[in-house]
Amino acid sequence: MAFRHALNTFVLVTAGLWPVIAHAQTPMRTVEFQQAVDQAVAKNPTLASAATAIARADALLQQARAVLRPIVTGSATNLMFESAQSSDDSAVQPPGLLILGANATMPLLAPEGAARVGQSRDQIEVATLATAEVRQQIAVATAYAYLGVVAARRQIEVNERAVESARALLDFAQRRLEGGAGSRLNQVRAAQALSAGETQLEAVRFALREAQEALGTMLAENGPVNAGAEPVFDVPAPGDPAGWLGERPDVQLQTRTIAAAERVLSDSSKSWLPTLGVTFTPQVVTRASDFSGGYGFQLGLNLSQRIFDRRPAAEKALRQVNVSQARFILDDIELRARAEERLAREKLTSSERVLASSLQTAQLATEVLEISTAAFELGATTNLDVVLAQRAARDADTTAALAEDAARRARFELLVAIGRFK
């Protein structure tokens with residue numbers, strides 16, 4: 001009975017843990033750099049929300065066009081009288097009348113309405129460029145998440161090598177202690193170095209998982225996503241800001257915003273132009289008897305001219321302010337863009353120097369570790385020198401890995417600064 005109870009308990013526990021085990025064994029999806037950016041842009045809800053501005057601008061364009069098109073309405077009126085009126089035994093007015101009518105109006109000359117159509121087209125282009133700017137922001141955030149995974153993975157490689165080196169030192173110290181040639185101090189010191197290395201390795205493994213979860217969130221995935229190959233970013237040569245400023249989405253958006261505001265300002269004079277409309281109203285009158293009805297129509301032209309009105313002047317002053325504000329914003333954007341480009345190039349130059357120095361330091365630290373290990377194996381020194389050399393080599397490799405990530409990010413930030421990455 002005890003065996004059967006234990007068996008049932010094992011089956012229940014295994015059945016409960018199986019979904020967790022199956023989920024843990026599910027292979028993590030790996031994406032390449034461009035694939036990650038494209039998926040993030042396609043699935044990100046922020047971009048979908050920004051795209052609604054284009055639909056709204058298009059709806060406003062259709063509304064502006066509708067004002068310039070004909071409007072036709074129909075009507076039916078049934079009049080009932082108390083009794084028919086007659087004269088000399090002939091009906092003059094029947095007891096009921098049915099009046100069928102229609103009304104068609106259309107503007108022949110509407111300068112303000114025509115101007116609003118052009119202004120609405122401008123807003124569609126502005127909304128499209130605004131969506132493009134949001135798209136770049138999503139793409140940049142996704143790229144940073146991808147690079148975070150690459151950097152964390154590189155740190156794991158560094159710490160795995162350090163753990164392997166520390167484990168080899170511990171094995172050697174253990175063998176020497178068992179052979180009577182070593183000391184307990186060397187064995188404990190090597191075990192302490194291995195324990196510290198494993199702790200550091202576990203920390204960077206968790207950092208990698210955090211980076212993978214962040215990438216999965218950007219891709220709208222229900223789980224972590226691993227990065228593929230390390231992306232390669234070309235370094236563009238310095239050029240005239242007039243050549244690359246126009247490539248930036250924020251500059252394009254603000255430039256188009258200024259053009260739209262200037263159109264609205266230039267259209268202010270159209271509010272003083274006359275408007276002309278035509279109206280056509282046919283009408284059919286029938287009666288609820290055998291008598292014949294009547295037919296007629298009205299055709300009218302309506303010419304209107306604004307004579308005195310202070311509103312256009314006030315609206316023009318406000319539109320002038322909007323244009324000035326838009327120009328100030330563009331000047332600030334361009335000023336910041338030039339500063340970003342200069343700083344990105346300086347950062348790239350500095351990060352490459354740091355990378356070269358870090359790689360050299362890591363190479364020398366590796367050489368010191370090899371010499372210290374060989375000397376310890378020959379009995380020329382204690383393993384304290386080896387432990388210190390291992391720690392220095394790990395720190396140097398970590399610094400070199402960080403420098404590689406910094407240089408990679410500097411190249412990417414330069415592409416973003418000059419509008420090459422969208």
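Points to keep in mind about this one:
- Leading residue by the ranking (surrounded by the most Cβ atoms within 10 Å (Cβ to Cβ)) among those in the stretch 180-199 that are modelled with pLDDT of 90 or more and hydroxyl-bearing (Ser, Thr, Tyr): Ser195
- Unique residue being assigned to a loop (DSSP other than H, G, I, E, B), among the aromatic types (Phe, Trp, Tyr) and either farther than 26 Å from Val31 by Cα or touching a residue at least 60 places away in the same chain (Cβ under 8 Å) (or both) when the list is Phe172, Phe233: Phe233
- Count of the stretch 355-382 residues which are assigned to a helix (DSSP H, G or I) and either on the phi > 0 side of the Ramachandran plot or among the charged types (D, E, K, R) (or both): 3
- Of the residues examined, Leu335 is one that is assigned to a helix (DSSP H, G or I) and closer than 27 Å to Ile418 by Cβ.
- Within the stretch 364-410, considering residues that are within 24 Å of Val235 (Cβ to Cβ) and out of contact with any Ser or Thr (no Cβ under 6 Å at 6 or more places or on another chain), the one surrounded by the most Cβ atoms within 10 Å (Cβ to Cβ): Ala401
A quick yes/no check of all residues on (1) touching a Ser or Thr at 6+ places or on another chain (Cβ under 8 Å); (2) of a type in the set (Ser, Thr, Tyr); (3) crowded, with 20+ Cβ neighbours inside 10 Å:
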| position | (1), (2), (3) |
| --- | --- |
| Val158 | yes, no, yes |
| Ala166 | no, no, yes |
| Arg175 | no, no, no |
| Glu178 | no, no, no |
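- Meets criteria (within 47 Å of the chain's Cα centre (by Cα), assigned to a helix (DSSP H, G or I) and farther than 16 Å from Asp397 by Cβ) for Gln212: yes
- Condition check for Ala393: touching a residue at least 60 places away in the same chain (Cβ under 8 Å) and under 20 Å from Val163 (Cβ atoms): yes
- Filter pass, Ala337 being under 30 Å from Gly246 (Cα atoms), touching a Phe, Trp or Tyr at 6+ places or on another chain (Cβ under 9 Å) and either free of Cβ contacts under 8 Å to residues at least 40 places away in the same chain or among the aliphatic types (A, V, I, L, M) (or both): yes
- Selected residue (criterion: modelled with the highest pLDDT) from residues of the stretch 217-274 that are surrounded by fewer than 16 Cβ atoms within 10 Å (Cβ to Cβ), among the aliphatic types (A, V, I, L, M) and farther than 30 Å from Phe206 by Cβ: Ala259
The values are calculated or read from the model by the stated rules, or taken from the named source; none is laboratory data. Predicted, not measured: the structure shown is a model, and the values here were computed from it. Virtual Cβ from ideal backbone geometry, glycine too; neighbours counted across all protein chains shown.
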